[in-house]
Amino acid sequence: MSILRNLEAKLEGLFEGAFSRTFKSKVQPVEIARKLAKEMQDNKTVSISRTYVPNQYIVYLSPDDRSQFEGYEDGVKKELSDYLLETARSEGLALLTRPTVEFETDERLNLGEFGIQALLVRPPEEEGAIELGDPEPADFGHTMVYSVDREARRIDAPAAFGGRAMLVGGGKRTVLSGERVTIGRSRECDVTLDDANVSRRHAELRREGASWVVADLGSTNGVKVNGRRVSQQPLQPGDEITLGIERLVFEVE
């Protein structure tokens with residue numbers, strides 16, 4: 001049985017017949033799987049001896065399509081993760097970690113459209129160094145948007161904003177500079193948090209043009225933006241970032 005056919009069979013069992021009767025979204029999980037595999041192939045990174053592919057994927061859905069996944073989302077994410085893992089193995093492609101798939105809502109999308117961001121994220125240093133020939137993260141400043149009835153298109157990162165960006169929390173205001181700002185318990189981080197629930201290198205903020213994106217660096221307790229756990233998320237002024245019990249607010253002067 002092919003990898004995709006195997007996924008279809010698993011999804012049929014997951015939805016237990018309710019899929020064909022009540023799942024009205026134009027965005028079908030199997031079509032998402034096909035495009036995830038395409039994004040994996042399109043975002044390869046060649047090292048000295050291996051070809052690496054992204055290990056984190058964000059699937060963006062319109063509000064109406066996202067609501068149709070309610071109750072099924074965790075199961076679909078697991079099956080898509082398994083599918084990407086099997087696809088990489090069958091193609092001889094290397095992964096830094098098991099692939100993860102997250103769903104997010106994007107108000108810019110119409111019914112029947114979905115977007116995918118693919119990201120290659122290194123595991124935290126404490127899990128052991130990996131000789132990669134220094135692969136760089138995939139371009140995640142844009143999202144490729146697919147539709148059942150139109151050509152694929154690109155949505156760029158959220159509109160840039162002027163002024164100085166900063167993190168506010170713990171009685172401090174840290175102006176963001178450079179291309180990357182690391183956050184964690186380690187004194188080597190740009191922003192140090194004295195919290196046992198925060199990993200040594202917990203997260204980082206990455207500049208994308210004049211915008212910023214927060215990314216989890218494989219932390220133990222994860223990263224939340226406005227109360228929702230994310231693996232990576234474009235930031236807007238006023239967004240609250242939670243790491244452990246620490247809360248930081250992203251602001252722009």
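Below are the figures for this structure:
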| read-out | value |
| --- | --- |
| All strands (runs of 3 or more DSSP E) inside the range 61-149 with 1 or more residues being surrounded by fewer than 16 Cβ atoms within 10 Å (Cβ to Cβ) and at pLDDT below 75 | 142-147 |
| Hits in the range 185-211 - residues which are small (Gly, Ala, Ser) and in contact (Cβ under 8 Å) with a residue 40 or more places away in the chain | 196, 199, 203, 209, 210, 211 |
| Conditions (1) farther than 27 Å from residue 118 by Cβ; (2) touching a Leu at 6+ places or on another chain (Cβ under 7 Å): number failed by residue 204 | (1) |
| Some residue of the range 210-222 being open to solvent by 60 Å² or more (accessible area, probe 1.4 Å), within 26 Å of residue 116 (Cα to Cα) and modelled with pLDDT under 85 | no |
| Among residues of the range 212-243, those that are part of a strand (DSSP E or B), over 20 Å from residue 100 (Cα atoms) and in contact (Cβ under 8 Å) with a residue 24 or more places away in the chain, counted | 2 |
| Single residue of the range 152-179 satisfying the filter (assigned to a strand (DSSP E or B) and touching a His at 6+ places or on another chain (Cβ under 7 Å)) that is modelled with the highest pLDDT | 154 |
| Matching entry among 205, 248 (being in contact with a Gly (Cβ under 6 Å, 6 or more places away or on another chain) and in a strand (DSSP E or B)) | 248 |
| First in the range 35-50 and small (Gly, Ala, Ser), second anywhere and outside any helix (DSSP H, G or I), Cβ under 6 Å, 6 or more apart | 47/132; 47/133; 47/135 |
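The values are calculated or read from the model by the stated rules, or taken from the named source; none is laboratory data. Computed from a predicted model, the values in this text were never measured in an experiment. Using ideal geometry, Cβ is built from the backbone for each residue, glycine included, and neighbour counts are taken over all protein chains shown. The accessibility values were calculated without ligands, DNA or RNA, using every heavy atom of the protein model including side chains. Shrake-Rupley method; radii C 1.70, N 1.55, O 1.52, S 1.80 Å.
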